[in-house]
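Data first, discussion second: the structure below is written as structure tokens.
The values are calculated or read from the model by the stated rules, or taken from the named source; none is laboratory data. Since the model is a prediction, treat every value here as computed from it, not as a measurement. Neighbour counts run over all protein chains shown; Cβ positions are idealised from the backbone, glycine included. Ligands, DNA and RNA are excluded from the accessible area calculation, which covers all protein heavy atoms including side chains. Shrake-Rupley method; radii C 1.70, N 1.55, O 1.52, S 1.80 Å.
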Amino acid sequence: QVVYEQEGVFIHSSCGKNDDQDSLIAGILRVIEKENEVVVDWRPLDETLDTSNILCAGKDSSSVVEWTQTPKEKCSRGADRPSSYEAEWDMVTTVSFKKKPHSNGDTTTHANGESKWSFLFSLTDLKSIKQNKEGMGWSYLVFCLKDDVKLPALHFHRGDSKPLIKCLEKHVALNESPDDERVLLVKTQKSLSQSFENLFDEPSYGLLQKWKKDPYIVTMGKFSKVTNYIVGSLRSSDPSNQRRPPSEMADFFNDTIPGLKINQQEEPGFEVITRIDLGKQPEVSRREPVSAEEWAKNMDSEGRILDVDYIKRLIFKGGLCHTLRKEAWKFLLGYFPWNSTKEERANLQKRKTDEYFRMKLQWKSVSEEQEKRNSRLRDYRSLIEKDVNRTDRTNKFYEGEDNPGLILLHDILMTYCMYDFDLGYVQGMSDLLSPVLYVMENEVDAFWCFVSYMDQMHQNFEEQMQGMKTQLIQLSHLLRLLDSGFCSYLESQDSGYLYFCFRWLLIRFKREFSFQDILRLWEVMWTELPCQNFHLLLCCAILESEKQQIMDKHYGFNEILKHINELSMKIDVEYILCKAEAISMQMMNCKELPQTVSEILGIENSSVTPDSDTGEDEIGAELNSPTSLYQSISTPVVAANGTRDGAPQTAETPSLTPA
């Protein structure tokens, strides 16, 4: 659908002319809404235009917009051109688009002998727009695409460019540059606002740039589909240079996630200096899930939890039986205060119910006409509808058409947009909500538990990706301490940035384990035991489990990426929980634990002097002690080899139909 069209939009080309005479190339400028994108299209008024000459910037401007400098164009640039002459004119003078020849071998030309100028680009590739000042002749503007590709200046001989700007503002946010009032900068939208399926419908030439622009999207789906192309793009096409040096890879991933500083050490002796003997990993076992009887015994007559630390330890060591989750998760997520009475919780739920439906009414009452003028709400709704329709559809709670679970999933996510409109909805959030709604089976309770979970996960989805940067850096520190040799191997294969862990961290392993295993894993992590950032130790446990195969088979960049991606749904949750806990005990017992690692895990005191009397109260000391998790807990029945009562632990799940 054409939403904007303007004739009389000219390119002034001075190529091959005197400095005081320009070639005017008349054209039509259009803004076109397509199914998945909005494009800007300019082409000359020429009925014989060969559409093969149109250079489509599409999703990836840097891959397809090509510039060339001909000798004729170089010489046409006057050395005595005044310094005040617009830079955009210089650009048009010195460069032109490369054109595909016609089948007869000739190049289509205008009557003035100049090559045609045609371009098409997606608004997702627009970086800025430069306009001329008012009262300076014809209105003109220059589109600058990402990667600093500038398109020729467009001059509006009929009318001005304001209607165009107004049209574009319906689709992108434009802000005046603080450095130049003539420049409108495109405010970067959250990259997760595109659907993952659309990414793989694009030609392969755009995928590397999509990884650079949208690491969220690429890692949210089947990463292995793009592996071959990414590898080919990262490696030089020159056969003599089979692998890019680590410094170039560092630059690439730093561009992808600005501020990501992970050591790519090459100095001899680095490992010897930093290697610390952590000792042997202890044997760790797990127990049966907490039963309803155990839960009830730890509650007084008014409904208060008697010993919060004890019940958390029980949950950490065995998780919860499913019938308890609906109640216990509200405490673990912070929706219910641990010291609250049953009456206080009932009053809280009543207040929260009123608050929820007030927010829900806000988006429910928006008319179609209002929504047409609210692009952000429209975009949030569109993305939520797409994601809801593909979230856990094999689960009986969400399967089938017109499923009430899907309606609730949609309504909760829309209401969250009202709760936090700045963040709104970002791809991946439906993955976090789905298990919570499944357990709660109640719209209001699920919403407020989701709000609490998002308070923990908020930074993962923010535009600057600060949460992801921090976690990847912290994970690198932990893995280097655990196995510096493995870290060095990953770095030698351009994999030291641990980018393959991005999806694990973004949505807390949601797509790596079965649905039932995720319920167990999340409730264990929510206890915040045995240390801070236990999820990073889970990453270490998985990677250490795969280290032997990766190194023995000499996996390179491509194979590592593919192998890690294919672990999805094949990881034994009980085994990994045991291994991660064993790693935590190793580090807690280390007397030479680096300060950085101590701060990451929040175990500074216990790690430095594990046997000393810290003077802390009994409960605080218990929480810092790696052995306290076994005290006052019944005999563990699940061993680190993944067996329960001698039988193999399976990943099969019971019926997921809610009770």
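Structure notes:
- Taking all protein chains together and rolling a 1.4 Å probe, Ile129 ends up with roughly 0 Å² accessible.
- Leu29 sits among other residues whose Cβ lies under 13 Å from its own Cβ, and their net charge, with Lys and Arg +1 and Asp and Glu -1, is -1.
- Computed over neighbours whose Cβ is under 12 Å from that of Glu343, the net charge equals +2, Lys and Arg +1, Asp and Glu -1.
- Among the protein heavy atoms, those of Thr341 account for about 10 Å² of accessible surface (1.4 Å probe, every chain in place).
- Accessible area per residue, Å², the range 466-601 with all protein chains present, probe 1.4 Å: 28
- The H on the amide N of Tyr4, modeled in the peptide plane, is under 5 Å from the matching H of Val31, each at least 5 residues off or on a different chain.
- Set Lys317/Lys553; Lys469/Lys562; Lys360/Lys469; Lys330/Lys386; Lys386/Lys570 screened for pairs whose C-alpha atoms are more than 31 Å apart: Lys317/Lys553; Lys360/Lys469
- Rounded to the nearest 20 debye, the dipole magnitude of the range 466-601 is 260 debye, with +1 charges on Lys and Arg beta carbons, -1 on Asp and Glu beta carbons, and the Cα centre as origin.
- Residues in the range 321-456 average 45 Å² of solvent-accessible surface per residue, probe 1.4 Å, ligands and nucleic acids excluded.
- Note on Trp138: accessible area is roughly 120 Å² with a 1.4 Å probe, heavy atoms of protein only.
- The range 374-491 - charge dipole about Cα centre, Lys and Arg +1 at Cβ, Asp and Glu -1, debye rounded to 20: 300
- Put simply, the C-alpha atoms of the range 466-601 give a gyration tensor, and the ellipsoid matching it has half-axes of 21, 20, 14 Å, longest first.
- Among 498-508, 374-384, the order from most to least packed when residues are scored by Cβ within 10 Å on average: 498-508, 374-384
- Sum of side-chain charges, Phe509 neighbourhood, beta-carbon under 12 Å (Lys, Arg +1; Asp, Glu -1): +2
- Low-density loop positions, GluC sites (Glu not before Pro), the range 421-477 - DSSP coil, at most 15 other Cβ in 10 Å: Glu441, Glu462, Glu463
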